[in-house]
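Enquirer: There's a structure below that I have some questions on.
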Amino acid sequence: MKNLLAVIGDGSAGPVLEAALLVARRFNSHIVGLHSLTTEYAVVFGGEMGFSISSEVDRTLEREGHERRDQARRLFRDFMAAQGVPIGPPAPGYNGPSASWREEDGRQNAVVGMSGRVFDLIVVEQPEKLASIAEATLEDAIFESGRPVMMVPKVLPAGVGETVAIAWNGSTETGTTVALAMPFLQQAKQVVVVSVGPQHMPEPGPTGEDLARNLENYGFSVSLRMAIGRQKPQGESFLKEAMAAGADLMLKGAYTQSRIRQMIFGGATRHIIMEAKIPVIMAR
């Protein structure tokens, strides 16, 4: 986990930076703060001559976009200065977290999905509501980057990665997430496998006992807890058991059901996205 991409949408992205720094201190990582400014405005108004983009609205949106970029840049620089993290190439012999700032033009979700492909971990904010730019950014990071994505709630635990819970349902997506997040498991003091029973798995797959036994072969301290229910209740149970075990980080395979189905009917991933109180690493 040497290269982290932290998505800084505006001046309220402090928790994203805090989480990225907790990870960077653990792995001596380099944090790239990314802000993306869209130049595409789809606001139109009807009139006698048909539809046209309002130049006044266009100028307002552009001004607000630049204000958010200024806020994001200032937040990043002030945060790193306060934490003693060098921005730019570190001095010779320096062995610790470092940072750099990057600005791109384009829709945030599309830029993150593309740019994130060369990073070890993408750090994004937890969406406050559905159908938002935060949700679109999270989903594009998961579906387009091929990299693990850490979703960060507004309030962080004191540490991240001391006790890691794995929301296990036997799926390919969760197996991929566990493999990509192995550096966290290697440093965790405790690993908790929260597993559904075989009758509740989305497809035939290894049990929680199988995963726990394999992780123990690495020398990890592993415990097993059972989740109950299907779909949304399953997501609730994953979170409940993880919190009961004192987890400060969860691993979850993303959208083991169809994303469209989860949008309509709900599902464990969607419930965890909206309700998690600890950081969650997702991949597929």
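Enquirer: Which number in (1) touching a residue at least 24 places away in the same chain (Cβ under 8 Å); (2) open to solvent by 30 Å² or more (accessible area, probe 1.4 Å); (3) closer than 20 Å to Gln186 by Cβ marks the one condition that Thr207 misses?
Expert: Thr207 satisfies every listed condition except (3).
Enquirer: Counting only residues that are among the β-branched types (Val, Ile, Thr) and closer than 17 Å to Pro233 by Cβ, which one in the range 161-199 is surrounded by the most Cβ atoms within 10 Å (Cβ to Cβ)?
Expert: Start the filter on the range 161-199 by keeping residues that are among the β-branched types (Val, Ile, Thr), which leaves 163-164, 166, 172, 174, 176-178, 191-194, 196.
In the following step, the residues that additionally are closer than 17 Å to Pro233 by Cβ were identified as 194, 196.
Details: Val194: 27, Val196: 23.
Residue satisfying both the conditions and the ranking: Val194.
Enquirer: Out of all the residues in the range 93-107, is one or more under 13 Å from the mean Cα position of the chain (by Cα) and either closer than 28 Å to Val191 by Cβ or open to solvent by 40 Å² or more (accessible area, probe 1.4 Å) (or both)? Reasoning before the result, please.
Expert: So in the range 93-107, the residues under 13 Å from the mean Cα position of the chain (by Cα) come out as none.
Within the range 93-107, not a single residue is under 13 Å from the mean Cα position of the chain (by Cα) and either closer than 28 Å to Val191 by Cβ or open to solvent by 40 Å² or more (accessible area, probe 1.4 Å) (or both).
Enquirer: Which residue, of Glu216, Glu236, is charged (D, E, K, R) and under 20 Å from the mean Cα position of the chain (by Cα)? Before the answer, list the steps.
Expert: Working: Glu216 fails: under 20 Å from the mean Cα position of the chain (by Cα).
Exactly one residue qualifies, and that residue is Glu236.
Enquirer: If only one of Val152, Val160, Val178, Val196 is modelled with pLDDT under 95 and either of a type in the set (A, V, I, L, M) or in contact with a strand residue (DSSP E or B) (Cβ under 8 Å, 6 or more places away or on another chain) (or both), which one is it?
Expert: On the way: Val152 fails: modelled with pLDDT under 95; Val160 fails: modelled with pLDDT under 95; Val178 fails: modelled with pLDDT under 95.
Testing whether each residue is modelled with pLDDT under 95 and either of a type in the set (A, V, I, L, M) or in contact with a strand residue (DSSP E or B) (Cβ under 8 Å, 6 or more places away or on another chain) (or both) leaves just Val196.
Enquirer: Can you find even one residue in the range 123-133 that is farther than 21 Å from His271 by Cβ and over 14 Å from the mean Cα position of the chain (by Cα)?
Expert: Checked the range 123-133: no residue is farther than 21 Å from His271 by Cβ and over 14 Å from the mean Cα position of the chain (by Cα).
The values are calculated or read from the model by the stated rules, or taken from the named source; none is laboratory data. Predicted model, so just to flag it, every value in this text is computed and none were measured. Glycine gets a Cβ as well: all are built from the backbone with ideal geometry, and neighbour counts include every protein chain shown. SASA here: full protein model, heavy atoms, side chains in, ligands and nucleic acids out. Shrake-Rupley method; radii C 1.70, N 1.55, O 1.52, S 1.80 Å.
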